[in-house]
Amino acid sequence: MAKYTITPWRHHSDLLTVRSQLYSPDPILRQTAVSRTMAWKLRGNLPHAVESTALLVDAFLHHALPSNSPFSIRAVYSAAFTRFVTGFCDIGRNRERALEPSSMLEIARQIGMPAEFVALRHEATHEDLPSVQRLVAACEQALEWLWDVYWSKVDAVAVVVAKQAEAVDVAHVTVEARRVFRDFRGARRTALKKQGTHSQEARLVVTEAAANLRSLCSNRAEATETAIAVLVADELLYPSERELGAPLGGAFMIWDDLLIDITDKSPSSLRVLTKTMFNRMISPAITRTTSDIGSDALFIWLAHIASSEAVLPSARALVVSLGHGVAEEQP
């Protein structure tokens, strides 16, 4: 079962944009990123690394304003730095789940945080505020540490997120395409029995199914291939109880108009359809008990496509070329 992570940003690219702005030399971009991060915090589930980076950057922005007093500058730096250190050490303690939690210094060692961070945090919390120079140096070092342990890794996360999104999309297309095709087959069969091929109802069924498929695939090659794979793999192009050698005139009446509509709007769909049929026919994964009937039906379909110029224009050369390609690949 898929596991989902709730984030305050809509797309992973939003996080990458904030990262580039937080580490930008432009103070306007940095302020924009800080404001956006604080908005994310209101939504919840904001990673401590993101919040800490924004607070540290905000401290630098506060320091750049000439109207702020030296004490307020030290206080802002100290607050941002102590929250950064304490948050990461608390996260480490929670992961331990021990009856006697380790010291903050030990937790820092475990997560690779410099020991001087803990020492400065203790000083800022329990003693006089450190000097501006020491706080500036420590906060700069903290931003470098955050880059190494968190921000440098979000690119890899982006790849994983993209792959997960693609996998989820394929699953969605498969389910929806199966529903569209099966609904179409039932509705088209009913309309043909009532009023015939050229009835308005039969045509509306085709138009609706074609529109649903275009909306589902959105001119994406992967989605189109997935939808067509469902049509072939689910054996929807011929009757489920068909006998070997039986004609497919009824199947042609059901599917021809929809295939014409699909391939007219997306010419590449015809190549995908015929290639998928060929691959299905020669696939060694198909069991012998079902492959004869299925391959026979697909062969008849390919012959129909190649010979029916009025049904699928310019299909003859494509089917013949694919046939030659398959023959050349056989030993």
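The values are calculated or read from the model by the stated rules, or taken from the named source; none is laboratory data. Here the structure is a predicted model, which means the values were calculated and not measured. No Cβ is skipped: glycine too gets one built from the backbone with ideal geometry, and neighbour counts run over all protein chains shown.
Tabulated results
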read-out: Residue list for segment 20-40, restricted to those being under 22 Å from Trp145 (Cβ atoms), polar (S, T, N, Q) and surrounded by 16 or more Cβ atoms within 10 Å (Cβ to Cβ); value: Gln21, Thr37
read-out: Residue in segment 220-236 that is in contact (Cβ under 8 Å) with a residue 60 or more places away in the chain, under 16 Å from Ile262 (Cα atoms) and hydrophobic (A, V, I, L, M, F, W, C) present; value: yes
read-out: Answer residue from segment 212-245, given it is among the polar types (S, T, N, Q) and surrounded by 16 or more Cβ atoms within 10 Å (Cβ to Cβ) and is farthest from Val173 (Cα to Cα) among those; value: Asn212
read-out: Restricting segment 257-281 to residues that are over 26 Å from Ala187 (Cβ atoms) and of a type in the set (A, V, I, L, M, F, W, C), the residue that is modelled with the lowest pLDDT; value: Met281
read-out: Residue within segment 5-23 that is assigned to a loop (DSSP other than H, G, I, E, B) and among the small types (Gly, Ala, Ser) present; value: no
read-out: Qualifying residue in segment 60-67 (condition: in contact (Cβ under 8 Å) with a residue 40 or more places away in the chain, surrounded by 14 or more Cβ atoms within 10 Å (Cβ to Cβ), in the same structural domain as Ala142 (by TED's automatic domain parsing) and touching a helix residue (DSSP H, G or I) at 6+ places or on another chain (Cβ under 9 Å)); value: yes
read-out: Contacts under 8 angstrom Cβ, first residue in segment 72-85 being without any contact (Cβ under 8 Å) to a residue 12 or more places away in the chain, partner in a helix (DSSP H, G or I), 6 or more apart; value: Ser72/His62
read-out: Residue among Arg178, Arg134 that is among the charged types (D, E, K, R), modelled with pLDDT of 90 or more and outside the structural domain of Ala49 (by TED's automatic domain parsing); value: Arg178
read-out: Test set (1) buried (at least 17 other Cβ atoms within 10 Å of the Cβ); (2) under 18 Å from Ala177 (Cα atoms) - Ile293 fails condition number; value: (2)
read-out: Residue check for Thr263: touching a Leu at 6+ places or on another chain (Cβ under 6 Å) and among the polar types (S, T, N, Q); value: yes
read-out: Ala54 in contact (Cβ under 8 Å) with a residue 12 or more places away in the chain, surrounded by 14 or more Cβ atoms within 10 Å (Cβ to Cβ) and under 26 Å from Asp26 (Cβ atoms); value: yes
